[in-house]
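Below is one structure, written out as C-alpha cells, with a few remarks after it.
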Amino acid sequence: MRNTDNKANADQLLFENFKDSRAEIHKISQRLESGQGINKVMDKLGDENFVYSMLNDIGKLVLHDLNYMMKTVAGPDWVDIKPTEFGIELYKPEGLNSEYITGEYSKEKKRCSINLDLFKKIFLKSEVGQSITISEKSILEFLEAVYSTMMHEGFHAVQDNRFGYIDQIKNLDNPNDNIIFMEGSARFVEFFADSLITIGRYTRLDCSNAIEKSFLWHFAVEPVSSLAYERPDLIRNGIKEFIPYNIGMFIFVTRYVANGSFIETLGEIRKMAENGNISNDKLYDMLDNEIKNGSISKLKQKISLDYIRS
C-alpha cells in the first residue's frame with residue numbers, strides 16, 4: 001500500500017465484500033428457525049442432514065471471504081483454496097479436554113472439523129437445572145461463532161497449503177517452535193472477520209474508523225489486551241503467561257495499529273511465512289521492536305473506551 005488512503009481503502013473494500021456473508025448468515029439463521037418457532041431449533045440441530053447442509057453453506061462463505069482476503073494481499077497470482085482442500089465435518093472429541101476444542105484443520109485429510117456440540121452448549125443451552133432459552137440473537141451469535149471458527153481453521157488451510165514454509169517447519173528441532181505464529185495469525189484473521197460480520201453491534205457504524213473500532217473492540221475485551229497497560233519493561237515476561245494464540249494475536253494487533261491496516265498486516269504475515277521468519281523467538285523479537293518503537297503506547301490509546309466508543 002502506498003499511503004494511508006490506500007490502506008484504509010483496502011480494508012473498506014474487504015468490509016464491502018463481507019456484507020454478503022453477513023446477509024447470508026442472517027438467512028441461515030432464519031432457515032434454522034424457519035417459522036416453526038425457536039423451540040424446534042434443537043430438533044433441527046439433531047438432524048445430521050440439516051447440520052451438514054448448514055455447515056457446508058457456512059463453509060462456502062468462509063472460502064469465498066478467505067480467498068478474497070488473500071487475493072487482496074497476494075494479487076492475481078493467488079491460487080484459491082478449493083473446497084477439496086477444505087472439507088467440513090463434525091468434530092469428535094478424543095482425549096483429555098478435547099471437548100473444549102472449537103475446531104481443527106487436518107492437512108492430511110484436508111478437512112475442517114467443527115465442534116458443534118460445544119457451540120450449542122455455549123450459545124443455545126443454559127446451565128443445568130435452568131430452562132433452555134433460545135432467542136434470535138443467540139441463534140445468530142451461534143452461527144457467527146461457527147463462521148469465525150471456520151475462518152480460523154481456514155487460515156490454517158492457507159498456512160498448510162499455500163505458504164512456503166513447510167520444509168522449514170520440518171527442520172525445526174521442536175515443531176511447536178512456530179506455534180505463536182501459526183495460532184496467533186489465525187486468531188488475528190478470525191477476529192478481524194468476526195468484527196466485519198458483527199460491525200455496528202458493539203460499536204457505532206456511523207463514525208470515523210468504524211472498521212478499526214469494531215475490530216479493536218473485539219480485541220479490547222480479551223484478557224491479553226491488558227498488557228497494553230503494563231510498563232514496557234514488564235510486557236515481555238508478562239505475555240508469556242498467555243497461551244500462544246493470544247500471544248501472537250497481541251503482537252499482530254500491535255502491528256495492525258502501527259500499520260493502520262489489516263490488509264497490510266496480513267501481507268506482512270504472508271512475507272514472514274515465505275521468508276521462514278516464523279519461530280517463537282522471531283515473534284518475541286518483533287514484540288521487542290514494537291515496544292521500542294512506541295507501538296504499544298499507540299495500541300493503549302486505540303483500545304481505550306473513549307476512542308472505541310467515539
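Regarding Leu143, is this residue within 29 Å of Arg162 (Cβ to Cβ), out of contact with any Gly (no Cβ under 9 Å at 6 or more places or on another chain), crowded, with 17+ Cβ neighbours inside 10 Å and modelled with pLDDT of 90 or more?
On the way: within 29 Å of Arg162 (Cβ to Cβ): yes; out of contact with any Gly (no Cβ under 9 Å at 6 or more places or on another chain): yes; crowded, with 17+ Cβ neighbours inside 10 Å: yes; modelled with pLDDT of 90 or more: yes.
Taking the combined requirement at face value, the residue satisfies it.
Among the residues of the stretch 83-124, the one identified as without any contact (Cβ under 8 Å) to a residue 12 or more places away in the chain, surrounded by 10 or more Cβ atoms within 10 Å (Cβ to Cβ) and not small (Gly, Ala, Ser) is Lys121. The stretch 177-243 holds helices (runs of 4 or more DSSP H) entirely within its bounds, and those carrying 2 or more residues that are closer than 20 Å to Gly294 by Cα map to 210-220, 232-238.
Taken together, Asp206, Asp194 contain a single residue that is open to solvent by 10 Å² or more (accessible area, probe 1.4 Å) and in contact with an Asp or Glu (Cβ under 8 Å, 6 or more places away or on another chain), which is Asp194.
Among the listed residues Ser261, Ser279, which satisfies the condition of being surrounded by 18 or more Cβ atoms within 10 Å (Cβ to Cβ), closer than 20 Å to Arg162 by Cα and not hydrophobic (A, V, I, L, M, F, W, C)? Before you say what the answer is, go through the steps one by one.
Details: Ser261 fails: closer than 20 Å to Arg162 by Cα.
Just one listed residue meets the conditions, Ser279.
Criterion first (under 18 Å from the mean Cα position of the chain (by Cα) and at pLDDT below 95) does Asn17 satisfy it?
Working: under 18 Å from the mean Cα position of the chain (by Cα): yes; at pLDDT below 95: yes.
So Asn17 passes the test.
For the stretch 161-191: of the residues being modelled with pLDDT of 90 or more and acidic (Asp, Glu), which is most open to solvent (accessible area, probe 1.4 Å)? This residue is Glu183.
The values are calculated or read from the model by the stated rules, or taken from the named source; none is laboratory data. These figures come from a predicted structure and were not determined experimentally. Don't worry about glycine lacking a Cβ; one is built from the backbone with ideal geometry, like all the others, and counts go over all protein chains shown. We work out accessible area using only protein heavy atoms, side chains counted, and drop any ligands, DNA or RNA first. Shrake-Rupley method; radii C 1.70, N 1.55, O 1.52, S 1.80 Å.
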